[in-house]
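The values are calculated or read from the model by the stated rules, or taken from the named source; none is laboratory data. This one's a predicted model, so the numbers in the text were calculated from it and none came from an experiment. Using ideal geometry, Cβ is built from the backbone for each residue, glycine included, and neighbour counts are taken over all protein chains shown. Accessible surface is based on the protein model in full, side chains and every heavy atom, while ligands, DNA and RNA are left aside. Shrake-Rupley method; radii C 1.70, N 1.55, O 1.52, S 1.80 Å.
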Number of protein chains: 2
Amino acid sequence: MSPRDPDRPVAVFDSGVGGLTVLHELLVRLPQEDYLYLGDTARFPYGDKTPAQLRAFALQIADALLARDAKLLVVACNSATAAALPALREHVAAVAPHVDVLGVVGNESRLAVAASATGRIGLLATVATVASGAYARAVADVDPAAHLTSVACPDLASQIQDDAIVTDEMLATVRGYCAPLREAGVDTVILGCTHYPLVAPMLQRTLGPGVRLVSSGEAMAASVADALAARGIGRPAGGPEGTYRFLATGDAETFRAQGARFLQLPIGSVEHVGLPLEVTA
Amino acid sequence: MSPRDPDRPVAVFDSGVGGLTVLHELLVRLPQEDYLYLGDTARFPYGDKTPAQLRAFALQIADALLARDAKLLVVACNSATAAALPALREHVAAVAPHVDVLGVVGNESRLAVAASATGRIGLLATVATVASGAYARAVADVDPAAHLTSVACPDLASQIQDDAIVTDEMLATVRGYCAPLREAGVDTVILGCTHYPLVAPMLQRTLGPGVRLVSSGEAMAASVADALAARGIGRPAGGPEGTYRFLATGDAETFRAQGARFLQLPIGSVEHVGLPLEVTA
């Protein structure tokens, strides 16, 4: 396909099924596009990987998605964005200069600052994401006077992905993670991992009614629309619905079951792609 | 207990687990209260029952909950509210004049009219609720110029309650129900059954980004707080967290599994209560 063909898919990737919360927002707001989603479930979770590992994973995945004619890459994983976005952009600019790379972190930081009346903002994220300092920098860029309280949540993404049912143990874990945010009196909490919106009801109950939850998917659709428009490669709004398909590096059946549960979307067929990722489709 | 004792529970009932979406909002906004939830799962679904049946069920359930010291009754079921609220209020006023009865329908109709810019509002509800005309009256009461497009959705509540996974068939069913609302160009849709918020992501994708979904739980917490304050029987805000417990007329284990899945709340023990409902605790 030509690099200017609007019929190429928008590619979205995550360590697992959490990025489906971002895909959901794209399906709501830009239903006319085709989507290609890759879940790197064989190497899930990303939250305990090193920055060098995450950069290597992101570059491999980008090559695999570019080989499948992606017209835009969306990094729907906060850990990968925090560790790898600059390296990934440099790589893609070299091998596919017509393709933009969008990441999370920046958008929800702007949303959180705009939503907060007090400037006291909380962050729940993976160990890797908190350690990167990406949110602290992003929030300070928007409002140097804002105060960010960050809490690393080991294993929470894994618990959410694996457990269909919220247990007393998970609830106790979540209460522990939220306690410092309650003590800090935050009025806005960034869900800094794309898995966390899947337990938004539990988080809202734990944090209380006055706290606004901000997620990565919320602002992504506008960024995608803007990027496609700037390149002149968006499909016209109001046109027929596009398609969506899935790749998983781990077990395809597990991905289908988890994905359907979380996204309320019939997942259909999932293509298993082996590691190391093939760079031909 | 004395009828002025604030330590009595707020009672919430529904035909099944759908009312847990209302309970969720109460737990977020009024966590200091104790809650007693009854799911009439043995007679689920209510959407295909007659108004006379629904009135009889509601009165039985009210008696059972009053016998368990309820300080307020919340009818978290649109079909029961639409068919039985006046009869239920009359009954409770006679046997327990210190207890208020709150229903759905009115609140979300006011919310929908306030949210709609065009006055074109959609309703998705059970056959019984649409047939009652309760929403048409409630919306017209708030804004006689508003135009309500109502769609009865046979079996949708049952499909949601029974199926953990959204299937292609359910998606096709939902698309069919939403088609008249899209054709009518509505900008706001009332989810007129407490089960429907459980598939809000699918509904939002089907209806499109410009459509605001309004649910029954959203405004209920404020109504409960107002009613308790007016009687002077609310627990003070900011106090210790209350408790919650569950009654089910059907299988307790099924209720626990469905409830935990939908509410993301560890359900703990569920007490099976046989039919006809015992009026002593």
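Give me the number: length gained by fully extending B:A229 to B:D7, i.e. 0.36 nm times residue separation minus the C-alpha to C-alpha distance, one decimal in nm. Write down the numbers at each step before the final one.
Working: separation 222, 0.36 × 222 = 79.92 nm, distance 1.37 nm.
My answer for the length gained is 78.6 nm.
Which distances, in nm and shortest first, link the A:A229 label point to the same label point in every other copy, taking 7 Å along Cα→Cβ?
From this label point to the equivalent ones elsewhere in the assembly: 4.3 nm.
Place a +1 charge on the Cβ of each Lys and Arg in the protein assembly as shown and a -1 charge on the Cβ of each Asp and Glu, then give the dipole magnitude about the Cα centre in debye, rounded to the nearest 20.
880
How big is the charge dipole of region A:153-204 about its Cα centre, in debye rounded to the nearest 20, if each Lys and Arg gets +1 on its Cβ and each Asp and Glu gets -1 on its Cβ?
It works out to roughly 160 debye.
Given charges of +1 on the Cβ of Lys and Arg and -1 on the Cβ of Asp and Glu, with all other atoms neutral, how large is the dipole of chain B about its Cα centre, in debye to the nearest 20?
440
Residues of region B:204-233 with backbone nitrogen within less than 20 Å of a virtual label 7 Å along the Cα-to-Cβ line of B:H98, please, listed as ranges.
B:224-233
Fully extended, how many nm does the chain gain between B:D251 and B:A56 (0.36 nm per residue separation, minus their Cα-Cα distance)?
Going from the current span to full extension adds 68.1 nm.
Over what distance in Å are the Cα centres of region A:171-204 and region B:25-44 separated?
So the separation of the two Cα centres works out to 22 Å.
Among A:A140, A:L275, A:H98, which residue has its Cα positioned farthest towards the positive end of the charge dipole of the protein assembly as shown, with +1 placed on the Cβ of Lys and Arg, -1 on the Cβ of Asp and Glu, and the dipole taken about the Cα centre?
Final value for the positive-end residue is A:A140.
What's the ranking of A:261-272, B:60-71 by average number of surrounding C-beta atoms within 10 Å, highest first? Please report the intermediate quantities before stating the final value.
On the way: A:261-272: 18.1, B:60-71: 22.0.
By packing density, highest mean first, the sequence is B:60-71, A:261-272.
If you find the alpha carbon centre of region B:70-110 and of region B:232-281, how far apart are they in angstrom?
Measuring centre to centre over Cα atoms gives 19 Å.
Taking both sides together, what accessible area is buried at the B/A interface, probe 1.4 Å, expressed in Å² and rounded to the nearest 100?
2300
Considering only A:A221, A:A58, A:A230, give the residue with the highest GNM mean-square fluctuation for chain A, with springs between Cα atoms whenever their separation is below 10 Å.
Looking only at A:A221, A:A58, A:A230, the biggest GNM fluctuation is shown by A:A230.
Give the percent of DSSP beta bridges with both residues in the protein assembly as shown that are antiparallel, rounded to the nearest 5.
Within the protein assembly as shown, antiparallel bridges account for around 0 percent of the total.
Would you mind listing the distances between the A:R4 label point and the same position in each other copy? Use 7 Å along Cα-to-C-beta, nm, one decimal, shortest first.
8.1
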